[in-house]
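A.B. asks: Have a look at the structure that comes next, please.
What follows is calculated from the coordinates using simple rules that are stated; it is not laboratory data. What you are looking at is a predicted structure, and each value in this text was computed from that prediction instead of being measured. Methodologically, a virtual Cβ is constructed for each residue, glycine included, from the backbone with ideal geometry; neighbour enumeration extends over all protein chains shown.
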Amino acid sequence: MIQPLMSRAATFFRGLTPRERYAVCIGVAAVLLLFFWKGVAAPLSDKRETLVVQLASRQNDLKQMITLQQEHERMQQAAARAAAGQSGRGADFTLFSFLDRLAGRAGIKDHIAYMRPSVSGQNSELSVVEMKLEGVDLQGLVSYLHMIETADAMVFVTRLSIAAQEKGGGGGVEAVLRVETVTT
């Protein structure tokens, strides 16, 4: 089937003048070049561009995964520190008694006007004590706050309001503070 076709093409080609042969060769070369471009070069180029885009996307995904992994490790370390802080405070720990004991150590226990314990959160996971101190000197208040914040019991002062004592003129301050801790 190909043999007769090739012989007819050869006969046709021999019957042409050199100038016509040159034009036919250029035309055949152009058609072959077009087939090569459309069939081989363009698909390879498109595939390369697709691979470059996919590579960039995967590199961004990898960077994001590394960032998330580092964040996860930081969160695990923070959780381990929190668990260690909670485990170090004993099974019978209550925020109320803890604050009362620290007030005794700081020498401001007789300045406590009130202490109001409460719990918040869906499962009572946050223990809260609001307390008011009256006539306390600034040095005693600072000492007390330092004891609260530096204790290994995972206790934090979340709100603090300090005002100069208006009654009595003893030179002390009036402080209302809210202290919170996570319960186990």
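A.B. asks: Once the Cα atoms of helix 2-14 and of the chain are each reduced to a long axis, what angle between those two axes, in degrees from 0 to 90 to the nearest 10, is obtained?
C.D. replies: Value to nearest ten degrees: 70.
A.B. asks: Here's another thing I want to ask about it. Test of understanding: given the chain, find the longest segment containing no GluC sites (Glu not before Pro) that are in a DSSP loop and have at most 13 other Cβ atoms within 10 Å.
C.D. replies: The longest such stretch corresponds to 1-124.
A.B. asks: Report the full-extension gain for the segment ARG178 to ARG116: residue separation times 0.36 nm, less the Cα-Cα distance, to one decimal in nm.
C.D. replies: 21.4 nm is the gain from fully extending ARG178 to ARG116.
A.B. asks: Assign one of three labels to the stretch 95-182, namely rounded, prolate or oblate, based on the Cα gyration tensor with a ≥ b ≥ c the square roots of its eigenvalues; rounded applies when a/c is under 1.5, prolate when it is not and a/b is larger than b/c, and oblate otherwise.
C.D. replies: In terms of gyration-tensor shape, prolate.
A.B. asks: Further, regarding this structure: Please state the shape class of the stretch 3-42: rounded when a/c is under 1.5, otherwise prolate if a/b exceeds b/c and oblate if not, all from the C-alpha gyration tensor.
C.D. replies: Because a/c hits 1.5 or more and a/b fails to exceed b/c, the stretch 3-42 counts as oblate.
A.B. asks: Which angle between 0 and 90 degrees, to the nearest 10, do you get for helix 18-36 versus the longest principal axis of the chain when only C-alpha atoms count?
C.D. replies: Between the helix axis and the principal axis of the chain, the angle is about 20 degrees.
A.B. asks: Could you give the distance between the Cα centres of the stretch 119-159 and the stretch 22-70, to the whole Å?
C.D. replies: Result: 65 Å between the Cα centres.
A.B. asks: For a test of understanding, tell me how many lysine pairs in the chain have Cα atoms under 26 Å apart, given they are 8 or more places apart or on different chains.
C.D. replies: Total qualifying Lys-Lys pairs in the chain comes to 5.
A.B. asks: If I fit a long axis through the Cα atoms of helix 42-87 and take the longest principal axis of the Cα atoms of the chain, what angle between them do I get, 0 to 90°, rounded to 10?
C.D. replies: Its long axis makes an angle of about 10 degrees.
A.B. asks: Cut-off is 10 Å between beta-carbons; in what order do VAL182, VAL40 appear when sorted fewest neighbours first?
C.D. replies: Final ranking by Cβ density, sparse to dense: VAL40, VAL182.
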